[in-house]
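**Q** Here it is: the structure, laid out below.
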Amino acid sequence: MFDISFGDSGHVMCKGRLDAAQCEKAQDFMDAVAEAKTLDFAELEYISSAGLGVLLKTQKRLAADGPGLKIINVNNHIKDVFRYSGFNAIFDIEA
Amino acid sequence: MELEIVRRIDSLKDIYDFIESFFESNGTEEPVRYPVHFVVEELFTNMVKYNPGNMNTILLDIDLEGDGVKVMITDYDVDDFDVSKKRDVDVSAPLQERKVGGLGLHLIRHMVDKLDYHYEDRQSRITFTKGPG
């Protein structure tokens, strides 16, 4: 199960498992985001490389003329995936 | 424990349930779980993506090995593609030069203890092990 929505804070709340079967849903949501946003991963358990592709595509678009995405509350496994992917250098990531 | 998987992305739910069932039955440690899910998804989605016309099911086999697990994925009537070869992915490239896609096979090398590829008679078998350390 994967869910993505705007929270009361205005942050993008991601929940569940972002795998290859769910990345179209995530991409459709992120394509409608027109400005820099914070993604809250507190309830995101899992992300695969397909999910990383959604983040990267969105970041390339938003960061071309602005601050881009900030990602907060990342679990340790996803932190490892970000580190192996070099995402620490291209996203603003806060534990 | 074996699972025959229908070759479509929607099968990821069946794969997840199967692996979780194995983990629950065997009390598999938490540090093993994420990498196994991740690596199986990457390998399976590659098989689906690069052989879309192939109607054969894919066989997933998971067993205990020491404190961790050994996973085998077998695909039938496919071309030779060695997933264990090192892939050149520049993870230090600036954002606008980064490519969307291509990270999966790079990442799995970080997540397993051992990764083997065997190809014979148009059958590919990928074996990996992952322990809690």
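The values are calculated or read from the model by the stated rules, or taken from the named source; none is laboratory data. Predicted, not measured: the structure shown is a model, and the values here were computed from it. Ligands, DNA and RNA are stripped out before the accessible areas are found, and what is left, the full protein with its side chains, is counted by its heavy atoms. Shrake-Rupley method; radii C 1.70, N 1.55, O 1.52, S 1.80 Å.
**Q** For chain B, with all protein chains present and a 1.4 Å probe, just round the carbon and sulfur fraction of the accessible area to a whole percent.
**A** Working: 3330 of 7090 Å².
In chain B, the share of accessible area belonging to carbon and sulfur is 47 percent.
**Q** Are there any residues in the range A:19-54 with a reduction of at least 40 Å² in accessible surface when going from the isolated chain to the assembly of protein chains? Probe 1.4 Å, please list them by number.
**A** A:ALA20, A:ALA21, A:TYR46, A:SER49
**Q** Could I ask something else about it? What ³J(HN,Hα) values, in whole Hz, does the Karplus curve 6.51 cos²θ - 1.76 cosθ + 1.60 give for the range B:63-71 when θ = phi - 60°, with x put for Gly and Pro?
**A** So the Karplus estimates, Gly and Pro as x, are 9, 6, 9, x, 7, x, 9, 10, 10 Hz.
**Q** Also: How big is the accessible area of A:ARG61 in square angstrom, nearest 10, if you roll a 1.4 angstrom probe over the protein chains?
**A** Probe radius 1.4 Å; accessible area of A:ARG61 about 90 Å².
**Q** So, one more: With every protein chain left in place, what is the accessible area of A:CYS23 in Å² (1.4 Å probe, nearest 10)?
**A** For A:CYS23, solvent-accessible area is about 30 Å².
**Q** Skipping prolines and chain starts, which residues have an amide H placed within reach, meaning under 5 Å, of the one on B:GLU65, given they are 5 or more residues away or on another chain?
**A** B:LYS70
**Q** Still on this structure, I have one more. Carbon and sulfur: what percent of the range A:1-69's accessible surface (1.4 Å probe)?
**A** Numbers: 1460 of 3050 Å².
Carbon and sulfur: 48 percent of the exposed surface of the range A:1-69.
**Q** Ignoring ligands, DNA and RNA, what accessible area per residue does the range B:78-124 give at 1.4 Å, in Å²? Don't jump to the answer; show the numbers that get you there.
**A** Working: 3080 Å² over 47 residues.
Heavy-atom SASA per residue in the range B:78-124 reads 65 Å².
**Q** Using the 2.2 N^0.38 Å rule of thumb for compact globular proteins, work out how the protein assembly as shown stacks up: its C-alpha Rg over that value, please. Spell out each step's value before the answer.
**A** Values: Rg = 17.8 Å, N = 228, 2.2 N^0.38 = 17.3 Å.
Compactness ratio reported: 1.03.
**Q** Separate question: Provide, for q = 0.15, 0.17, 0.19 Å⁻¹, the log10 of I(q)/I(0) from a solvent-free Debye sum over equal Cα point scatterers in chain A.
**A** -0.50, -0.65, -0.84
**Q** May I pose another question? Counting only DSSP beta bridges with both residues in chain A, tell me the antiparallel percent, nearest 5. Please report the intermediate quantities before stating the final value.
**A** Values: 5 of 17 bridges.
Around 30 percent of the beta bridges assigned by DSSP in chain A are antiparallel ones.
**Q** Before we go on, tell me the buried accessible area for the B/A pair, both chains summed, 1.4 Å probe, in Å² to the nearest 100.
**A** Working: alone 8170 and 5320 Å², together 11330 Å².
Answer for the B-A pair: about 2200 Å² buried.
**Q** Could you sort the residues of the range A:61-95 by number and keep only those whose accessible area is reduced by 40 Å² or more in the all-protein-chain setting relative to the chain alone, 1.4 Å probe?
**A** A:HIS77, A:VAL81, A:TYR84, A:SER85, A:ILE90
**Q** Now for a separate question. Of the beta bridges DSSP finds with both residues in the protein assembly as shown, what % are antiparallel, to the nearest 5?
**A** Details: 31 of 43 bridges.
Bridges in the protein assembly as shown are about 70 percent antiparallel.
**Q** May I ask you to evaluate 6.51 cos²θ - 1.76 cosθ + 1.60, the Karplus curve with θ = phi - 60°, for each residue of the range A:19-36 and list the ³J(HN,Hα) values in order in whole Hz, giving x for glycine and proline?
**A** Calculated HN-Hα couplings, in order: 10, 5, 6, 10, 6, 5, 4, 5, 5, 4, 5, 5, 4, 8, 7, 9, 9, 3 Hz.
**Q** Over chain A, with the other protein chains present, what is the accessible area per residue in square angstrom, probe 1.4 angstrom?
**A** The answer is 45 Å² per residue.
**Q** Right, another one. If the cut-off is a Cα-Cα distance under 18 Å, which lysines reach B:LYS99, setting aside same-chain residues fewer than 8 apart in sequence?
**A** The reachable lysines, counting only those whose Cα sits under 18 Å from B:LYS99, are A:LYS57, A:LYS60, B:LYS49, B:LYS86.
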